[in-house]
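Participant: I'd like to ask some things about the structure below.
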Amino acid sequence: MKKIKICGHRGFFEKYPQNTLPSFEAAIKLGCDRIEYDLHLTADGHLAVCHNPTVDSTSNGTGEIAKMTFAELRKLDFGSWKSERFAGTRIPEFCEVLDLANKLNPQLFHLVELKVDSLDYAEQVLGELFKRKMTGRFTLVSFHLDLLRELKKRHPEILVHGNPSTKLKEFNYEDYRIFDSVGIYRENVTAEVVAGFHSVNTEVDAWPVDTAEEFRKQAGFGVDSVTSNNPELVLAERDRK
């Protein structure tokens with residue numbers, strides 16, 4: 001049986017403040033094969049790591065990332081919402097995540113989610129990855145599928161990972177042949193869906209997979225990887241088998 005790859009969703013989301021350096025460090029030290037994170041562009045052109053376009057739910061501040069400078073974002077506390085243990089945790093810049101991960105595990109694979117539908121922004125993201133010679137160790141992830149298609153045409157050497165709508169249960173698999181992999185919401189995954197994507201040489205990642213029972217279910221469907229908020233539990237279940 002193939003070994004299913006485990007991806008830490010926003011790091012180790014279950015126990016650490018998501019999309020922060022402590023969260024990524026914990027996921028890497030656990031032994032995750034991959035980490036996933038999200039990028040937004042600040043008002044002064046920095047690539048900030050955060051899931052939402054605003055800081056309201058994950059910091060002690062309010063406002064849109066696109067309208068704030070990175071220095072303004074850096075003053076906010078991105079840890080206390082999770083636990084006082086993480087009080088004072090700052091929002092990371094993309095380059096900091098890359099440098100930390102490359103230091104801790106130079107072979108780690110990255111799922112880099114593009115939250116902004118912009119080619120200039122995407123090329124800036126790629127510039128940081130190319131500068132570190134990471135081709136083959138990352139895939140660009142997005143719900144902006146046309147953006148990924150254009151990037152694949154411009155840079156055929158990169159990997160792209162499409163996220164179809166979470167509400168989508170039927171797929172025209174030929175439409176996804178250009179994608180190296182896709183992320184499918186766990187409730188929409190079946191053995192037939194996995195086989196359909198495999199027929200066009202596209203790998204399948206199921207998300208989020210946070211329990212041993214769900215991991216066994218997805219393994220039975222034949223997925224190639226799972227993205228988990230609780231990678232500690234899922235890694236233990238995989239390695240137990």
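The values are calculated or read from the model by the stated rules, or taken from the named source; none is laboratory data. From a predicted model like this one, the values you see are computed outputs, not experimental measurements. Methodologically, a virtual Cβ is constructed for each residue, glycine included, from the backbone with ideal geometry; neighbour enumeration extends over all protein chains shown. Heavy atoms of the whole protein, side chains included, go into the accessibility calculation; ligands, DNA and RNA do not. Shrake-Rupley method; radii C 1.70, N 1.55, O 1.52, S 1.80 Å.
Participant: What is the percent carbon and sulfur in the accessible area of the chain, measuring with a 1.4 Å probe over the protein chains and ignoring ligands? Spell out each step's value before the answer.
Facilitator: Numbers: 5350 of 10800 Å².
Here it works out to 50 percent.
Participant: Here's something else I'd like to know. When you take every Cα atom in the range 127-241, what is the radius of gyration, and what is Dmax, the widest Cα pair distance, in Å?
Facilitator: 14.8, 42
Participant: With every protein chain present, what is the per residue accessible area of the chain (1.4 Å probe, Å²)?
Facilitator: I get 45 Å² per residue for the chain.
Participant: Something else about it: From the backbone phi of the range 155-172, what are the Karplus-calculated ³J(HN,Hα) couplings (6.51 cos²θ - 1.76 cosθ + 1.60, θ = phi - 60°) in whole Hz, Gly and Pro given as x?
Facilitator: 10, x, 7, 8, 9, 10, 10, x, 10, x, 3, 5, 8, 7, 10, 10, 10, 8
Participant: While we're here: What is the spin-label model distance, in nm, from SER199 to LYS133 if the labels are put 7 Å beyond Cα along the C-beta direction?
Facilitator: Inter-label distance under the simple model: 4.2 nm.
Participant: Quick check on the chain: of the DSSP beta bridges with both residues there, what percent are antiparallel, nearest 5%? If you can, show how the numbers build up before the last one.
Facilitator: Working: 5 of 35 bridges.
Restricted to the chain, the bridges split so that about 15 percent are antiparallel.
Participant: What nm distance separates the two modelled labels at ASP175 and LYS103, each placed 7 Å from Cα along Cα→Cβ?
Facilitator: Rounded to a tenth, the inter-label distance reads 4.4 nm.
Participant: Which aspartates and glutamates, on any chain, are close to LYS3 with Cα under 15 Å apart, when same-chain ones fewer than 8 places away are left out?
Facilitator: Of all the aspartates and glutamates, those that pass the test against LYS3 - Cα under 15 Å, at least 8 places apart if same chain - are ASP33, GLU203, ASP205, ASP224, GLU237, ASP239.
Participant: Turning to a different aspect of this structure: Taking N as the number of residues in the range 10-91, what is its Cα Rg relative to 2.2 N^0.38 Å?
Facilitator: Compactness ratio reported: 1.05.
Participant: At a 10 angstrom cut-off on C-beta neighbours, averaged per residue, how do the peptides 41-51, 14-24 rank from highest to lowest?
Facilitator: 14-24, 41-51
Participant: What are the aspartates and glutamates whose alpha-carbon lies under 14 Å from the alpha-carbon of LYS15, with same-chain residues fewer than 8 places away excluded?
Facilitator: Result set, ordered by chain and number: GLU25, GLU84, ASP210, GLU232.
Participant: Enumerate the lysines that LYS152 could reach by cross-link, defined here as Cα to Cα under 24 Å, with residues fewer than 8 away along the same chain left out.
Facilitator: LYS5, LYS115, LYS131, LYS133
Participant: What GluC sites (Glu not before Pro) does the range 118-202 have in DSSP loop regions with at most 12 other beta carbons within 10 Å?
Facilitator: Working: sites: GLU123, GLU128, GLU150, GLU157, GLU170, GLU174, GLU187, GLU192; in loops: GLU157, GLU170.
Sites meeting the loop and neighbour criteria: GLU157, GLU170.
Participant: While we're here: Any chance you could run the full-extension gain for LYS67 through ASP146? It's 0.36 nm times the residue separation minus the Cα-Cα distance, nm to one decimal.
Facilitator: 25.9 nm
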